[in-house]
Each structure stands twice: as C-alpha cells, then as structure tokens.
Amino acid sequence: MKNIDTFDFTNKKVIIRVDFNVPLNDNFEITDDTRIKAAIPTIKKVLSSGGSVILMSHLGRPKNGPENKFSLQHLIPELSKQIGVDVQFANNCIGEQAVEKAANLKAGDVLLLENLRFYKEETKGDEAFAEKLSKLADVYINDAFGTAHRAHASTAIIANFFPENKMFGYVMSNELININKVIKEGKKPITAILGGAKVSGKIEIINNLIDKVDNIIIGGGMMFTFIKALGGNIGNSLVEDDLLDTAKSAMEKAEENNVCFHIPTDAVIADKFDNNASTKFCNSYEIPDGYMGLDIGPETGQAFKDLIEASETILWNGPMGVFEMDSFAQGTIEVAHAIADATKKGAFSLIGGGDSVAAINKFNLQNEVSYVSTGGGAMLEFIEGKTLPGVAAVEK
C-alpha cells in the first residue's frame, strides 16, 4: 500500500472517494460542511504535488436514478471556495462527459463527478461499474471513512483495479490511527462511555470492549434495559425486554474480566416525552409508573465526572439523555465537559457516533477533545471488531 505523503503525484490523475453526503436546505445550500472541510487536506496534497483530482461521492439515498435534490452540482460553489480552484462538474459519473472531462484534466484541475448512487450498481458493488470509474484515473485514494463499512463499487471494488497505486487519504488514515489509539494502544485507565436509546445498537461494541477497557459507563435510554435486568422498576422508560438476558450476560462478562460496569443510580424523570413536561429526580431503580427516565441525575453526573477525569483514555459514543431538549441535556453537558477537562490534563479522548458528535459541537467543545470521528456506522463496526471492506480493499 502506497503512502499519500511520499507518493509522486506529478501529472497523475487521482480519483478520490470522498464522503460529501452533506445536509442541504430547501435552497440546496450546505448547512454543515464538516465532511467537505475534512476532505480538503487530501485534495490539496494531490494538487500541490503536481496531480489532478477527480472527486466521487454519494449524496442522500436516491431511489430511481437522477434527482435534482441529490445532485452533487449543488456543492460546486462551496467546494470551489474551499479548495481555491474552479471545480469542474461532470453530469454523470461514468458517462461520456465524465470520460471526456477526466481525459482533459491538467495538473491542478479538479473534477467532481455526479452522484454515484444514481446508479444501483454502486451499492451492489458491481465490478463493471467500478472498472469504468477506475479508467478515469491513474491513482485511487479512499478518503471516505464514513462509507468504509460498505462493500460498494467506489469504496471496495474499484481498489482491485489499482493493484499498485491505491492508498488512504488523510481522513481515512486519521480515523484508523485515532480509533486504534483507544482499542489497541490505549493508556490505562480506559473508560468507554456508551449512551443512546437502545442496547441493540451497542451490545456488540460492549462485548468487544470488555477485554480492552477498565470502565464502561452506561447512559441514555439503553440504561433502563440494564436496570430492569437487575430487577429495578423503570416506570414507562424505554426498554428492550427481549434483551434483558443479553444485558445481564454483558454485565457478568464484564465482572469476569474485572471491568467496572457503571449504571446510573439516579435519573431525571418526566410524566411525558416533552421539554415542558413535569420533571423530578428519582432513584433510577425506583421510577414510578406513569413516569419515564429521560436523563441521568445529578448524583450520577458527579460520579461519572469523577471517573472520566481520572481516566487516561476515553471513548464516548452516545448521549446520556435526550440532550436535544434543554430539560434533559444536563447529563450530556456534564459528561462532555468532563471529557474536555480530562483532555486538558493529558487524557486521549475520542468522540464518535452521530449524536455524540452533534452534542460536542452543540456545546462548542469539538476543539477541546483529542479527536472527533466523522465515521458514524463505520467507526462503530470497527470498534465492534469487524473488518471494513473499504479498509481491507486498500490494505491488501
């Protein structure tokens, strides 16, 4: 596998799989450019080293071919501004215009291809489709970690057509380096903070982390499945009754491995799922009928804060409560600030998963932690111990 820092891109056409699946408003303006910003260093590295760039990405989930609302053409003004060159656009990703424009690229030029998912062949991992994309360029770079867990034509199959000239971009390599800093090289004590609504979405992560961490902190709606499994009364709180045994065995496995499992001892409860609901604090094992737990309580917040600030390595995936509503955001705010404080004192902190990233951004703490992963599902699968097709294809 080649390295982007040492490769000679002089007069090479480089096709880069980026993740430009960004949110657009009704006027097709980008409302969050995080993913575009993340890709700029890789693009600029190729350009400054004498190469030309062909960008390919998906946007949204088009069902039946081209749809204007999913066209990548809407990204051209912002992309041109951020890269500092007039980005060209091909109205197709494998059609005549794409072939012609790619062939005419000169060093320093940038071409954006139309949405890959306008073709069903992309998500099917079609080899012929991948080959057509590959013929546009001399070099392949995968810089779309957010799609690395999918065996799509542009993320996994295309790499086969570049046996010598394939590599990771900076987004991909930074994601892998920083996740491995937690799961392979973490300095002890290592604390994993797992929140969110459901145990079902996190159980594989929990099981894979048990032999790698010292503490597992549980928060969010999923805490009530653990509390019920331990015999607590959870009122009308969210619960997955079919996973009570699974939750119990995860806690038993943690105990066998000398991993401390931290379940909230108190909660903010409400009589309805509403920011203006009637709320109170309550022992999280004694929630009365008619009430539901929507955040961790102050006692738990303090205990988690102390634990986080005593940690050397921290992974955070999932909020502590319904942080989108101010009445139930305090637990998530406390955890976010505790992570920032621990980082200031020298701990390594990795934030990943959509809601945690949204929370850290909402509280303006994204620059106070070590690394914020944009990988979403790919990051979770990597932590679960799964092989990511987009990573494996470049590494082989």
- the range 44-67, residues that are out of contact with any Phe, Trp or Tyr (no Cβ under 6 Å at 6 or more places or on another chain), farther than 19 Å from LEU116 by Cα and either touching a residue at least 24 places away in the same chain (Cβ under 8 Å) or assigned to a loop (DSSP other than H, G, I, E, B) (or both): LYS44, LYS45, LEU47, SER52
- Query: charged (D, E, K, R) and under 30 Å from LYS2 (Cα atoms) - does that describe any residue in the range 200-210?
  - Reply: no
- Of all helices (runs of 4 or more DSSP H) fully inside the range 304-383, the set with 3 or more residues that are of a type in the set (Gly, Ala, Ser) is 330-344, 354-362
- Restricting attention to helices (runs of 4 or more DSSP H) lying wholly within the range 137-231, give those where 3 or more residues are under 28 Å from ILE36 (Cα atoms) and modelled with pLDDT under 95. 170-183
- Message: Can you confirm whether ALA128 is out of contact with any Asp or Glu (no Cβ under 6 Å at 6 or more places or on another chain), in contact (Cβ under 8 Å) with a residue 60 or more places away in the chain, within 20 Å of ASN165 (Cα to Cα) and surrounded by fewer than 20 Cβ atoms within 10 Å (Cβ to Cβ)?
- Response: no
- Task: Look through GLN302, GLN366, GLN330 and report the one residue that is polar (S, T, N, Q), farther than 20 Å from LYS188 by Cα and touching a helix residue (DSSP H, G or I) at 6+ places or on another chain (Cβ under 6 Å).
- Result: GLN366
- Is it fair to say THR31 is closer than 19 Å to THR374 by Cα and either β-branched (Val, Ile, Thr) or in contact with a Pro (Cβ under 9 Å, 6 or more places away or on another chain) (or both)? yes
- Task: Please tell me if LYS228 is farther than 19 Å from GLY195 by Cα, without any contact (Cβ under 8 Å) to a residue 24 or more places away in the chain and surrounded by fewer than 23 Cβ atoms within 10 Å (Cβ to Cβ).
- Result: no
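The values are calculated or read from the model by the stated rules, or taken from the named source; none is laboratory data. Please read these numbers as outputs of a predicted model, since none were measured by experiment. Positions of Cβ are generated from backbone atoms using ideal geometry, with glycine treated the same way; all protein chains shown enter the neighbour counts.
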